[in-house]
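This report refers to the structure that appears directly beneath it.
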Amino acid sequence: ARSLSLMTTSSAAAANAAANNNNNTTGIANNNIMNAVPIVGPDAMSFNASGAGSTTAASAGLLAWCMIEWFKDGKPTAVGAATGAVAGLVGITPAAGSVNPMYGTVLGAIAGLVCFQTCNLKNKFGYDDALDAFGVHGVGGTLGAILTGVFATAAVIPDKSEPMGLLE
């Protein structure tokens with residue numbers, strides 16, 4: 001069985017209880033406060049695909065957006081940080097169940113960079129997008145859908161052995 005070092009003790013216990021069809025998880029439920037993402041399946045593969053990639057993508061999008069603001073304007077902003085995190089999440093959404101955390105990080109960073117540049121084009125072209133909905137959600141979602149074909153990994157998809165993405 002595969003293991004993932006990011007899993008907490010209570011997550012591992014929940015995974016073992018689910019794998020053994022043990023319904024006595026009363027003691028485990030009280031310790032699940034430490035879990036950032038609930039386990040979808042009884043193995044580390046499900047945790048990897050469902051939670052870790054999304055978390056790293058949001059963080060990478062936030063960092064990419066803030067770094068560009070820092071180099072361009074001299075300081076990052078709170079609105080930029082929030083928008084970068086959303087850009088990372090929007091980018092990873094199409095690929096959430098098919099990429100590992102490393103590729104999730106790369107995808108989130110690319111989404112943060114591309115969405116930042118797209119939102120800056122708003123001023124150049126003069127279109128009305130007060131909340132940057134097109135620049136973040138439209139472009140970020142399209143980019144995520146395209147990059148899913150690049151970063152998809154059979155290792156995080158149960159019962160898949162053939163290569164899924166271009167980099168595999």
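The residues of the range 146-162 that are under 30 Å from residue 119 (Cα atoms), touching a Ser or Thr at 6+ places or on another chain (Cβ under 9 Å) and not polar (S, T, N, Q), listed by number, are 151, 152. Of all residues in the range 87-104, exactly one satisfies the criterion of being open to solvent by less than 60 Å² (accessible area, probe 1.4 Å) and out of contact with any helix residue (DSSP H, G or I) (no Cβ under 6 Å at 6 or more places or on another chain), namely 98.
Only residues that are out of contact with any Leu (no Cβ under 9 Å at 6 or more places or on another chain) and outside any helix (DSSP H, G or I) were counted in the range 143-156, giving 0. Residues in the range 96-106 that are under 25 Å from residue 133 (Cα atoms) and under 8 Å from the mean Cα position of the chain (by Cα): 96, 104, 105.
Is it the case, given these coordinates, that residue 45 is closer than 17 Å to residue 153 by Cα, open to solvent by 30 Å² or more (accessible area, probe 1.4 Å) and at pLDDT 90 or above? No; evaluated as a whole, the condition is false for this residue. When restricted to residues that are part of a helix (DSSP H, G or I), small (Gly, Ala, Ser) and over 9 Å from residue 57 (Cα atoms), the range 88-104 contains 1. So for the range 107-123 (the condition being over 23 Å from residue 155 (Cα atoms), of a type in the set (S, T, N, Q) and modelled with pLDDT under 90), does at least one residue qualify? Yes, the range 107-123 contains a residue that is over 23 Å from residue 155 (Cα atoms), of a type in the set (S, T, N, Q) and modelled with pLDDT under 90.
Going through the range 135-165 one residue at a time, which ones are open to solvent by 10 Å² or more (accessible area, probe 1.4 Å), touching a residue at least 40 places away in the same chain (Cβ under 8 Å), of a type in the set (Val, Ile, Thr) and under 15 Å from residue 110 (Cα atoms)? Listed by number, the list holds a single entry, 148.
Annotation: of all residues in the range 124-142 being assigned to a helix (DSSP H, G or I) and either out of contact with any helix residue (DSSP H, G or I) (no Cβ under 7 Å at 6 or more places or on another chain) or polar (S, T, N, Q) (or both), the one that is nearest to residue 93 (Cα to Cα) is 142.
A single entry from 52, 78, 58, 82 fulfils the requirement of being on the phi < 0 side of the Ramachandran plot, buried (at least 22 other Cβ atoms within 10 Å of the Cβ) and at pLDDT 95 or above: 58. Only one of the listed residues (107, 121) is in a helix (DSSP H, G or I) and either free of Cβ contacts under 8 Å to residues at least 40 places away in the same chain or open to solvent by 30 Å² or more (accessible area, probe 1.4 Å) (or both). That residue is 121. Test residue 128 against the stated conditions and say whether it is at positive phi, out of contact with any Lys or Arg (no Cβ under 6 Å at 6 or more places or on another chain) and either surrounded by 13 or more Cβ atoms within 10 Å (Cβ to Cβ) or acidic (Asp, Glu) (or both). It is false that residue 128 is at positive phi, out of contact with any Lys or Arg (no Cβ under 6 Å at 6 or more places or on another chain) and either surrounded by 13 or more Cβ atoms within 10 Å (Cβ to Cβ) or acidic (Asp, Glu) (or both).
The values are calculated or read from the model by the stated rules, or taken from the named source; none is laboratory data. Worth saying up front: this structure is predicted, and the values here are computed from it rather than measured. Glycine gets a Cβ as well: all are built from the backbone with ideal geometry, and neighbour counts include every protein chain shown. These accessible areas exclude ligands, DNA and RNA; they are computed on the full protein's heavy atoms, side chains included. Shrake-Rupley method; radii C 1.70, N 1.55, O 1.52, S 1.80 Å.
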